[in-house]
Structure formats: structure tokens, C-alpha cells
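Before any comments, here is the structure.
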């Protein structure tokens, strides 16, 4: 019985979204701009395995950009997909890839200081047992911890911040504040935020001292549940095994996730993926998210770091594909963009590449929901969403 592997390279967009201008992102192109920057530096981006399947062709289809060094004639399944959900965030992208577009408008906090309404700030303080919070603004994680680390250790007040995503993030010292109290705070807050249609409350523990701190691997997302059954539910409901790798359990509130495999880094997660390529059950779905493209390189706007991570990932793909069996399907895609050459620190609205092993065909421009329909068709499971299979 065939197996399926759906692998999300978090934020690895391909440009070209027709509504990018509505988000202030007209012209953003994560892969295209990384490749151009590396080529200008005299060392073209090299991803021969995924390019061989059709990555370069997918980016050119999505955005019209021919990336330097990407000239392979595709041997795999290739195309690009665009999103209809009115967000450029992780839950929207993953849910829609799983067959469920977001049917509501997310709540976003304004880019002001303070960013949070007084009643929400008061709730955080009551649940945390503190007299105040730190931050209360738009920021990325490392700078705001740098700014408030000393005051946090002195007062015990949690560091609260948001972004252009529908999210409330809370950073706290894993020892001085405590990991368990941080997770409890976020869990207690989550129902209130979800009722406001805020997509996620994220716990961001860190250790160390001012000037020498480090965020730990114990990040936890408390995400609002999908509004309808997703691909994971379809497959699990058919009696098949499902495996989540990385953030999948958080993103889907563990719905439809039979076994969850986590790690301290994308390196650990790829080790899980390699192992599942060998041992995952016949007829099973493995759904993986590789977050560090987004968290370590996209948000900090580190072009060269992002490029190196892409090349590392491509090198690991070769070994993973060698573990697959005849009849398997592996699809590599993304949930949104995060162009490291772009202004600000937030996600960018882009089309995403869709590149696959186990089939050889051009699929053209498709919707995110078509990915779910295609995986379901491959597994012989009834699709419950609006997508159309491209297989």
C-alpha cells in the first residue's frame, strides 16, 4: 500500500502571489532573492536534488524568475500553489495545504506601543501573578529579549510581543520564571485569544543572562483548532497511521496526529524523517514541518544563513529519497514566504513551490487545497475539502 510524505519547508516561498500587494509584499520572492544575492556574491545557490525534481522550474512558473544555477530538466512532479486564506501565517498555510482554507479574518494587534488592549494586559498579569508585562509591542524574538532580559530577571514580568501575524508570544526565563509556569500561562491564555480569533499563543523560553542568552528548544505553540477536518483527520479516520514531525502537533492541536516526533533542531527532525522513510507503515501519512528556515534565517533577515540552510536541506533530501519505496509519494512545499531581503521582519505573501518524488509531471499553478486532495488520492482516502487532485 502506498505511503505519502508531505514536507513543509517553512517560509520557502517562490514569489508571484497575485494578491501580494494587498499585504505590502508586491515583489517579494524568498527563493528568487536568496538565489540572486548568492549569485551576486559569486557563489550561486546549489540545490541539485530539489532542482532535479523541478524546484527551479517551479519558481520560474510562480514568479517568472529564473534562478542562477537552476537549469535542470524536471524529472519529478513540479508546479506552484497559491493561497486563498487571508493570512500569511503558519496555521493558515498548513490548514489550507491540508484542505481547509481559513473561513474567518484573523485578529491582528496594531503596530503601536502598547500593542495589546488594556483588558488583555490585565488578564496576562492576573494569570502570571505579576504587576505588569514587558514589551507590549511588535518585535521579533531575539531583539526584544535582548532589550528586556535584565528587567525580566529583576521583576519577573513576562516579555509579551506580537508581529504582523495573528499571534501573542511570551518569552520568559526557563529557570528564573520557570518553564512550567510559562507553559501554564500560555495554556490559560489561549482560550481567551482563540475566542478573539487570534491564531496562536506561543511560549518562548530562554536561558542565560543579559548579553549571553539562548532560546531553548521548548517553544510551544497553542494554536486555535482547525475549523473542519483536515488531511490528517481524513487519513486517521480511514484507519491509517499518521506521523507528525516538528510543529505539526501544535499547528493542528494534535487532531489527526497519531504519533508526534520532535527535536531540538531541524537536524533532529530530518533524522526522524529519514527513519520514517524506512519504517513508516504502509498506507501512512507523514506530515513534517522544518521551521528553522523561518525562525533562524527568515525573520532575522539573514540571507546567507538561509542559503546555507537550503543547501544543507537539499543534501539531506538525497538520503531521504533513497529510503523511499516504489509507490511512495513525497511532496516538498511551503506555507508562506519570508523573504530575507525584504523590509521588516515578518512573513511575505508568496506562491509556494510544489515539488514531488514518485510522480513525473508538470501540474501548473494550483491551489494549496489541491495538495491535500492529491495526497488523499494517492493514499486512496476520500478527500473532504474543496481541492482537486493533480495526480
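Couple of notes before you dig in:
- Test: residue in region 5-20 that is closer than 23 Å to residue 300 by Cα and part of a helix (DSSP H, G or I): yes
- Odd one out for residue 272 among (1) under 23 Å from residue 52 (Cα atoms); (2) outside any loop (DSSP other than H, G, I, E, B); (3) over 14 Å from the mean Cα position of the chain (by Cα): (1)
- For residue 389, the test of being out of contact with any strand residue (DSSP E or B) (no Cβ under 8 Å at 6 or more places or on another chain) and without any contact (Cβ under 8 Å) to a residue 60 or more places away in the chain is passed.
- Pairing each residue of region 277-291 that is at positive phi with any residue that is surrounded by fewer than 21 Cβ atoms within 10 Å (Cβ to Cβ) and modelled with pLDDT under 95, provided the two are 6+ apart or on different chains, yields C-beta distances under 6 Å for 283/1.
- Flag for residue 118 being closer than 30 Å to residue 389 by Cα and more than 19 Å from the chain's Cα centre (by Cα): no
- The residue pairs whose first member lies in region 372-385 and is modelled with pLDDT under 95, whose second member is assigned to a loop (DSSP other than H, G, I, E, B) and buried (at least 21 other Cβ atoms within 10 Å of the Cβ), and whose beta carbons are closer than 7 Å, counting only pairs six or more residues apart or on different chains, are 384/99; 385/99; 385/100.
- Answer from 114, 101 - the residue that is in contact with a strand residue (DSSP E or B) (Cβ under 7 Å, 6 or more places away or on another chain), in a loop (DSSP other than H, G, I, E, B), modelled with pLDDT of 95 or more and closer than 30 Å to residue 22 by Cα: 114
- Of the strands (runs of 3 or more DSSP E) lying entirely inside region 288-379, those carrying at least 2 residues that are closer than 13 Å to residue 13 by Cα are 329-333, 352-357.
- Here residue 227 clears all of (1) in a helix (DSSP H, G or I); (2) closer than 15 Å to residue 94 by Cβ; (3) in contact (Cβ under 8 Å) with a residue 40 or more places away in the chain except the condition numbered (1).
- Top-ranked residue of region 88-98 - restricted to ones that are assigned to a loop (DSSP other than H, G, I, E, B) and touching a helix residue (DSSP H, G or I) at 6+ places or on another chain (Cβ under 8 Å), ranked as surrounded by the fewest Cβ atoms within 10 Å (Cβ to Cβ): 88
- Residue within region 253-268 that is in contact (Cβ under 8 Å) with a residue 60 or more places away in the chain and either surrounded by 17 or more Cβ atoms within 10 Å (Cβ to Cβ) or under 17 Å from the mean Cα position of the chain (by Cα) (or both) present: no
Let's see how each residue does on (1) over 26 Å from residue 192 (Cβ atoms); (2) touching a helix residue (DSSP H, G or I) at 6+ places or on another chain (Cβ under 7 Å):
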residue	(1), (2)
209	yes, no
217	yes, no
224	no, yes
227	no, no
243	yes, yes
246	yes, yes
253	no, no
257	no, yes
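- Selection of region 178-201 for residues being free of Cβ contacts under 8 Å to residues at least 60 places away in the same chain, under 14 Å from residue 124 (Cβ atoms) and out of contact with any strand residue (DSSP E or B) (no Cβ under 7 Å at 6 or more places or on another chain) yields 181, 184, 191.
- For region 58-83, the tally of residues that are assigned to a helix (DSSP H, G or I) and within 18 Å of residue 391 (Cα to Cα) stands at 1.
- Test: residue in region 48-60 that is at negative phi and within 18 Å of the chain's Cα centre (by Cα): no
- Those residues of region 276-287 which are part of a helix (DSSP H, G or I) and either modelled with pLDDT under 95 or surrounded by 15 or more Cβ atoms within 10 Å (Cβ to Cβ) (or both), in sequence order: 276, 277
- Flag if residue 84 is more than 13 Å from residue 352 (Cα to Cα) and at pLDDT 95 or above: no
- Scanning region 184-193 for residues that are surrounded by fewer than 17 Cβ atoms within 10 Å (Cβ to Cβ) and under 24 Å from residue 264 (Cβ atoms) turns up 184, 187.
- Among residues of region 194-212, those that are assigned to a strand (DSSP E or B) and surrounded by fewer than 18 Cβ atoms within 10 Å (Cβ to Cβ), counted: 4
- Whichever residue in region 238-249 is under 19 Å from residue 266 (Cβ atoms) and in contact (Cβ under 8 Å) with a residue 40 or more places away in the chain and, among such residues, is surrounded by the fewest Cβ atoms within 10 Å (Cβ to Cβ): 243
The values are calculated or read from the model by the stated rules, or taken from the named source; none is laboratory data. None of the values given here were measured: they were computed from a predicted structure. Positions of Cβ are backbone-derived with ideal geometry, glycine not excepted, and every protein chain shown enters the neighbour counts.
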